[in-house]
Every structure is written in C-alpha cells, then in structure tokens.
Amino acid sequence: MKRFEDKVVLIVGATSGIGAAAAALFAEEGAQVVVTGRREDKGQAVVDELISKGGKADYYKLDCSILEECYKALDYVNDTYGRLDVLYYNSGVATVKSQDEGYFENSSVELWDYIMTVNLKNAYFMSLKAMPALKKTHGNIVITSSGASVDAPVSLSTVIYGISKAAVNHLVRLIALNVAPDGVRVNAIAPGITATSIIFQSSQEVVDQVTASVPMKKMATPEDQAQAVLFLASDVTAGSITGQVLLVDNGQFL
Ligand SMILES: NC(=O)c1ccc[n+]([C@@H]2O[C@H](COP(=O)([O-])OP(=O)(O)OC[C@H]3O[C@@H](n4cnc5c(N)ncnc54)[C@H](OP(=O)(O)O)[C@@H]3O)[C@@H](O)[C@H]2O)c1
C-alpha cells in the first residue's frame with residue numbers, strides 16, 4: 001500500500017521548485033494532488049508529467065496573495081474530492097521586484113505587506129479555513145519555512161523574509177497546540193540553500209559564497225526538501241510529530 005493512497009493533498013505553490021518536487025513524490029505515493037500557483041503553463045506542465053507517470057493530479061490556478069482565492073481553492077478541493085488530508089502551504093516570496101528592494105534601508109510598507117501576506121498571513125488563515133476538513137480526516141498541515149527563520153538570512157537583502165519565516169515557525173507551534181486534541185498535526189520544513197529559481201534570483205557570487213559556507217559544501221535539491229515534507233505529512237513516519245520545524249540544510253544553520 002502506498003503511503004498516500006486515497007489521500008487528497010493540496011499544495012499551495014507547486015508550479016516549480018520544492019512544491020513541484022513534493023507534488024511528484026505525493027503522486028508517486030498514490031495521492032490525489034492538487035497543484036496550485038499563478039503560472040498556469042508551469043502548473044499544467046507539472047500535472048501533465050505526473051499523469052504521464054500514472055499519478056492523479058490536477059491544476060488549480062491560485063494567487064495565494066489574495067485570501068479569497070485561497071478560500072476558493074479549499075472549496076474547490078472539497079467540492080471536487082470531498083476531503084482534504086494534507087494542506088502543504090509552500091509558497092513564499094523574498095522580494096518583489098529586485099534584490100535591492102529587500103535591504104532594510106530600502107524596505108517599504110508595500111513590500112512588508114506583500115511578503116507577510118504570502119508567507120505568513122494567508123498560511124495562517126488558510127490553515128484556519130482548512131481545519132474543519134482536516135479534523136474530519138485527522139489530516140495535517142506542512143508549511144515551508146526557511147533556515148532564515150532561525151539565523152541571519154541567507155542574504156542581507158531578505159530582512160522581511162527572515163522575519164516572516166520566523167513567525168511561520170511560531171505559527172506552526174501555536175496552531176499545532178490548538179488543534180492537537182482534534183488529532184490534526186502541523187509541522188514545517190526549514191530549507192537551507194536549495195537549488196531552485198528563488199536562489200538564482202541572487203547573484204552567482206552570493207550563491208557560490210553561501211554554498212561554500214555550508215558545512216556539507218552543497219545545496220539541497222528540491223527532492224531533498226520534498227522527502228522531508230512527505231516524512232512529516234505521513235502518519236506512518238511522523239504520526240507523533242507535531243509543532244516541529246525540521247531544518248533540511250546540510251548543516252547550514254548549525
Ligand atoms: N530555495 C531555497 O534555497 C529556499 C530556502 C529556504 C526556504 N525556501 C522556501 O521554499 C518555498 C518554495 O520556494 P522554491 O525555493 O521552491 O522556489 P520557486 O521555485 O520560486 O517556488 C516558489 C513557489 O511559490 C509559488 N508562489 C509564489 N508567490 C505566489 C503567489 N502569490 N500565489 C501562489 N503561488 C505563489 C510559486 O508559484 P507561481 O509563481 O506559479 O505563483 C512557486 O510555485 C518558499 O516558501 C521559499 O521561501 C526556499
């Protein structure tokens with residue numbers, strides 16, 4: 001029996017990188033996967049690939065900076081599949097237009113609001129809205145935090161990002177505590193530097209510098225992160241784990 005047979009998994013932000021890798025693993029493990037994100041072409045390509053390998057998946061276009069859309073995505077899952085077993089909130093943004101904009105002295109209220117909305121606020125309210133469905137299935141939530149939540153951010157241009165991800169860690173603990181009596185678990189992965197497009201927004205020099213500073217001298221792959229997500233999402237491997245933030249970072253934040 002596959003680990004996620006008959007389970008419905010909604011992934012917020014699965015059009016590329018870690019989310020797309022998680023979609024592939026969940027589908028391999030038998031889940032019905034709902035892939036979301038703004039980029040329709042990428043999302044559909046992820047779904048086509050999963051289906052070509054015998055997986056069960058569909059794409060739902062979602063801009064998770066808009067809370068109403070997040071709620072509609074949950075309604076879609078409920079109306080279409082009648083259940084929700086795993087909400088994986090993976091979307092995250094570091095800066096909006098450019099690296100420069102992310103430095104403390106350049107930061108704006110608009111940037112703060114955008115990053116906090118995508119990384120934190122809508123993860124919180126989506127978790128709240130998903131809870132009745134998750135209580136029925138004794139399901140769970142996984143959120144993508146970041147190593148930048150526990151130490152200085154990867155780059156000084158990601159100040160607001162680091163603050164948002166630190167708050168995600170506490171969100172995980174506090175929601176986990178609230179819903180534990182209902183049999184619902186809430187956890188996070190906190191990736192160190194991982195080979196995805198979000199990292200390649202930084203200059204090659206910064207990427208090389210950070211990679212050289214990692215004790216294991218390598219970046220994680222999106223699949224490394226996805227394996228940790230499935231570990232946390234499965235009751236077989238993590239049935240007694242809740243409120244935890246799992247660093248997957250090659251020792252970067254030791
Ligand atoms: N790569 C790293 O080194 C690293 C380290 C620590 C933490 N992380 C975290 O890992 C998560 C995934 O990032 P990644 O590294 O895999 O980079 P990525 O390939 O750029 O993926 C980011 C994902 O977030 C989605 N997203 C962003 N804004 C969105 C919005 N408004 N609405 C819906 N989806 C949105 C993107 O989808 P669309 O663009 O299609 O909307 C995409 O699927 C993020 O939370 C990031 O903070 C990454």
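Just so you know, all these numbers are worked out from the coordinates, no wet-lab data involved. Predicted model, so just to flag it, every value in this text is computed and none were measured. Cβ sites come from the backbone with ideal geometry, for glycine too, and all protein chains shown count toward neighbours.
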Output ordering of 37-44, 8-15 (per-residue mean of other Cβ within 10 Å, highest first) is 8-15, 37-44
Measuring from the longest principal axis of the C-alpha atoms of the chain, the long axis of helix 222-233 (C-alpha) lies at a number of degrees, nearest 10, equal to 50 degrees
Amide H contacts under 5 Å for residue 29, restricted to residues at least 5 apart in sequence or on another chain and with H modeled in the peptide plane, are none
Once the in-chain neighbours fewer than 8 apart are removed, the aspartates and glutamates whose Cα is under 13 Å from residue 2 read 28, 29, 235
Looking only at lysines whose Cα falls under 17 Å of residue 129's and that sit 8 or more positions away or on another chain, we get 72, 121
By the mean-Cβ-within-10 Å protection proxy, highest first, 130-139, 207-216, 176-185, 161-170 rank as 161-170, 130-139, 176-185, 207-216
The size of the Cβ-based charge dipole (Lys, Arg +1; Asp, Glu -1) of the chain about the Cα centre, to the nearest 20 debye, is 600 debye
Stokes-Einstein, Kirkwood over Cα pairs, the chain, 25 °C, 0.890 mPa s; D in µm²/s equals 136 µm²/s
If every Lys and Arg gets +1 and every Asp and Glu gets -1 at its Cβ, then about the Cα centre the range 98-212 yields a dipole, in debye to the nearest 20, of 900 debye
Packing-ranked peptide list from 119-128, 68-77, highest mean Cβ count within 10 angstrom first, is 119-128, 68-77
In degrees, nearest 10, the alpha-carbon axis of helix 67-81 is tilted away from the dominant principal axis of the alpha carbons of the chain by 30 degrees
In the structure shown, of 42/97; 7/136; 97/217, the pairs separated by more than 18 angstrom at the C-alpha atoms are 42/97; 97/217
With only helices counted (DSSP H, runs n ≥ 4, each -39500 (n - 2.57)), the per-residue ellipticity at 222 nm for the chain, to the nearest 500, works out to -13500 deg cm²/dmol
Phi-derived 3J(HN,Hα) across the range 10-26 with the Karplus relation (6.51, -1.76, 1.60, θ = phi - 60°), rounded Hz, x for Gly and Pro, is 9, 10, 8, x, 10, 7, 6, x, 4, x, 5, 5, 5, 4, 5, 5, 4
Taking alpha-carbon centroids only, the range 200-234 lies from the range 74-114 a number of Å equal to 20 Å
For the range 116-124, Karplus-derived ³J(HN,Hα) couplings (6.51, -1.76, 1.60; θ = phi - 60°; whole Hz; x for glycine and proline) come out as 5, 5, 5, 7, 10, 4, 6, 5, 5
